[in-house]
Amino acid sequence: MAKRIGMEVSIAASEAVKLADVDLIAAYPITPQTHIVEHLSEVVADGELDAAFVPVESEHSAMSCCIGSSAAGARTFTATSSQGLALMHEILFIAPAMRLPIVMVVANRALSGPISIWNDHSDIMAEQDIAWIQTFAENGQEVFDLVLHAFRVAEDSKVLLPVIVNLDGFTLSHVIEPIEILDKAEVDKYLPPYKPKVRLDPRKPVSMGLVGIPEIYTEAKKATNEALINSKRVVLKAWKEFGDLFGRYYNPVESYKTEGAEVILITMGSISETAMTAIDKMREKGMQVGLVRFRLWKPFPAPEFKKAIAGAQTLAVVDRALSPGGACGPVAEEIKAALYAERGRPKVYNFIAGLGGRDVTVENFEEIVSKAFTYAKKRPKQLYEMIGVREI
Amino acid sequence: MIKELENFKGFSAKKLPLADPLASGHRACQGCGEVLALKLAMKAIGMNSIVVSATGCMEIITSTFPQTAWNVPWLHVAFENAAAVASGTEAALKVLMRKGKIPQKHIDIVAIGGDGATADIGLQSLSGAMERGHDFVYICLDNEAYMNTGVQRSSSTPYGAMTTTSPPGKKSFGQATKKKNVPAIAVAHNIPYVATASPAYFLDLMNKAKKAALVKGPAYLHIYSSCPTGWRHGGDLAIEISKLAVETNVFPLYEVIEGKYIINRKITKPKPVAEYLKKQGRFRHLTDDLIAQIQRQVDEEYDKLLKLAGETA
């Protein structure tokens, strides 16, 4: 039976990996991901999990090792953050192209420079085009559940794509929360053993990672993209079944008090909980505001998102990454692109907040909403706005 | 002596394995010494293997979709990570066998890379994999430059050689640094087996490839791989030049078994290095002084090797 216990969120992530009975973990230390692989190294060392724990010499090799492992037919996991994710960048594209169901947790952290170990989304937003399925967790329970969901989706024969579960570094990864940990029998009901159709086997030789000449490259890219787009059906089905089994139902986007909302805040990750507190406060004051947050980021859940924001006149999109020299932050960019062709589309204002570990407070959200109301009447001069900047 | 090598008798010219993990029908240049070396090495290692290839000539010429020249499972990921990918495959197979998910049977994991993939960009991942002790064979096919991208210098390009990024000019005589000694780097990792080989001595090469596969733990094989295109020599000269490289002590053949150096073909009366250099366009610009300097370097390096092997000239 599931037990509800106080647990650090990083440990909950690795407990999910343990319960998934992974075969190989590639591990390289990087803050704030470290607690995840540290705990996994302990459960392997204690014999609680029979897996290969490969302490590689870099994140580049971590992802390379995962590809070699997954190609051999093993259930494969790694975790990283920030510079480590950036170092993997080159290899990240190759896993989905080879249709390898690797699961990775990214404890989101700012990118250098200046060097910062604290949380924002600049690491993962630099990896928009890698063709991995990506989810964002809001709290520890979601982290645990989304890791199990990730294996289930990745290894589905209709999907066979790698999955990233994003969680905010420190502000979520290092927090102790009450989390309901499923037991092995419950996990086994949800997650069948991984049985690859194709793997590296001398009895049945295959070549993987061949040269894509111009006559085939476009078609190969199209096939990967279609697989990613079509994965959404399995993502939804796997969430439905998770809910039916364990009572926690998840959606690609979640709405909070959006009924009759004139302004809707758009967030991702753990700041959504602070945003909800801000919404409660503003609603008490009679302000018509609500919140929509993404749980599924890639493939972009356009229909669900459009449905969630229907009726709102104004969207206040909070980005936790800067797109230097660009028209707006990466989340706002995606939303604007998705809404451009819609009739009667809402106005979209973009706010960059919480870079490099800067707190995003209830007051910040109130400021953002208040600005959005103002801009709805009087168009702002700038394309986007940075919140909480200390001017000297 | 390593236990696994005790019963290995060696290949004979009359009794070579019939099966070819690397089939003919690949797209290598005419007279390529590298593909010949790879074919021989894989013939020796055999069909019960999985090959992980770095980006390079051998990857390009054997894997143009929808064709493949590989009769064994083959995986290519990127330029610098063949050893890291092979680590994952090796560790995964071990755990899958332990858990009973696949049948218990030894499979040889072979990672291959050119000199760029080995001595330069992939040195870190190779070092990591050797240090972690994965049971795999790493084969460096050394054609002494980045041939796949059009003959640019690598850290394995020999002193004085002309490449497109080490061109001779008014202020240059070609490659200005000495060839990086990757076998010595491998030896420094305390791995059980390191060897050099040449396709001109094909039984020696095949025996070494098989021994590398037989030993438990990491094995490193550095194979001389002549390149008619990059070295500017005739397509019929790969073997002749490969042989000269050994006879002049430019590329000595040796093994390092558990740290112990053994010179397999001791050259007591080496031919002058000039004989080797003059057959190749890449050394055409060298003056007599430079040739004499290269001769001194070769002699010094060979002396060092003799000392390591506890031998005298």
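Listed values, structure above:
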{"item": "Condition met for B:Thr68 (touching a helix residue (DSSP H, G or I) at 6+ places or on another chain (Cβ under 9 Å) and in contact (Cβ under 8 Å) with a residue 12 or more places away in the chain)", "result": "no"}
{"item": "In segment A:331-363, the residues that are out of contact with any Lys or Arg (no Cβ under 6 Å at 6 or more places or on another chain), buried (at least 22 other Cβ atoms within 10 Å of the Cβ) and within 24 Å of A:Ser112 (Cα to Cα)", "result": "A:Val331, A:Ala332, A:Asn350, A:Phe351, A:Ile352, A:Ala353, A:Leu355, A:Val360"}
{"item": "Number of positions in segment A:3-25 that are within 14 Å of another protein chain (Cβ to nearest Cβ) and either within 21 Å of the chain's Cα centre (by Cα) or not charged (D, E, K, R) (or both)", "result": "4"}
{"item": "Segment B:207-227, subset assigned to a loop (DSSP other than H, G, I, E, B) and of a type in the set (Ser, Thr, Tyr), residue nearest to B:Gly133 (Cα to Cα)", "result": "B:Ser225"}
{"item": "Considering residues of segment A:26-54 that are within 24 Å of the chain's Cα centre (by Cα) and in a loop (DSSP other than H, G, I, E, B) only, the residue farthest from the other protein chains (Cβ to nearest Cβ)", "result": "A:Pro32"}
{"item": "Subset of segment A:128-158 [among the small types (Gly, Ala, Ser) and buried (at least 24 other Cβ atoms within 10 Å of the Cβ)]", "result": "A:Ala137, A:Gly140, A:Ala150, A:Ala154"}
{"item": "Verdict on A:Pro301 being crowded, with 16+ Cβ neighbours inside 10 Å and under 20 Å from A:Tyr375 (Cβ atoms)", "result": "no"}
{"item": "Filter result for A:Ala74 (without any contact (Cβ under 8 Å) to a residue 40 or more places away in the chain, buried (at least 18 other Cβ atoms within 10 Å of the Cβ) and facing another protein chain (nearest Cβ under 10 Å))", "result": "no"}
{"item": "Residue, surrounded by the most Cβ atoms within 10 Å (Cβ to Cβ), within segment A:201-237, restricted to residues that are within 12 Å of another protein chain (Cβ to nearest Cβ) and more than 30 Å from B:Ala92 (Cα to Cα)", "result": "A:Ile216"}
{"item": "Residues of segment B:4-21 satisfying the condition of being surrounded by fewer than 22 Cβ atoms within 10 Å (Cβ to Cβ) and in contact (Cβ under 8 Å) with a residue 24 or more places away in the chain", "result": "B:Glu4, B:Leu5, B:Phe8, B:Gly10, B:Phe11, B:Ser12, B:Ala13, B:Leu16, B:Pro17, B:Ala19, B:Asp20"}
{"item": "Residues being at the interface with another protein chain (Cβ under 8 Å from one of its Cβ atoms) and of a type in the set (A, V, I, L, M, F, W, C) - total across segment B:36-74", "result": "8"}
{"item": "Looking only at segment B:106-141, and only at residues there that are acidic (Asp, Glu) and assigned to a helix (DSSP H, G or I), the one that is farthest from the other protein chains (Cβ to nearest Cβ)", "result": "B:Asp115"}
{"item": "Close pairs from segment B:207-232: first closer than 14 Å to B:Gly114 by Cα, partner in a loop (DSSP other than H, G, I, E, B), Cβ under 6 Å, at least 6 apart", "result": "B:Tyr224/B:Ser198; B:Tyr224/B:Phe251; B:Ser225/B:Asn143; B:Cys227/B:Asn143; B:Cys227/B:Met147; B:Gly230/B:Ala145; B:Gly230/B:Met147; B:Gly230/B:Val151"}
{"item": "Breaking point among (1) among the charged types (D, E, K, R); (2) at pLDDT 95 or above; (3) more than 30 Å from A:Leu160 (Cβ to Cβ); (4) outside any helix (DSSP H, G or I), for A:Asp280", "result": "(4)"}
{"item": "Considering residues of segment A:369-392 that are among the charged types (D, E, K, R) and surrounded by fewer than 12 Cβ atoms within 10 Å (Cβ to Cβ) only, the residue nearest to the chain's Cα centre (by Cα)", "result": "A:Arg390"}
{"item": "Residues of segment A:55-71 classified as part of a helix (DSSP H, G or I) and facing chain B (nearest Cβ under 7 Å), total", "result": "9"}
{"item": "Selection within segment B:75-105 - within 7 Å of chain A (Cβ to nearest Cβ) and among the small types (Gly, Ala, Ser)", "result": "B:Ala78, B:Ala84, B:Ala86, B:Ser87, B:Gly88, B:Ala91, B:Ala92"}
{"item": "Qualifying helices (runs of 4 or more DSSP H) (wholly inside segment A:99-210; at least 2 residues being over 15 Å from the mean Cα position of the chain (by Cα) and either within 30 Å of B:His76 (Cβ to Cβ) or modelled with pLDDT of 95 or more (or both))", "result": "A:184-190"}
{"item": "Subset of segment A:77-91 (residues that are aliphatic (A, V, I, L, M) and either surrounded by fewer than 24 Cβ atoms within 10 Å (Cβ to Cβ) or at the interface with chain B (Cβ under 8 Å from one of its Cβ atoms) (or both))", "result": "A:Ala86, A:Leu87, A:Ile91"}
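The values are calculated or read from the model by the stated rules, or taken from the named source; none is laboratory data. What you see is a predicted model; the values in this text were computed from it and never measured. Neighbour counts are summed over all protein chains in view; Cβ atoms, including those assigned to glycine, are modelled from backbone coordinates with ideal geometry.
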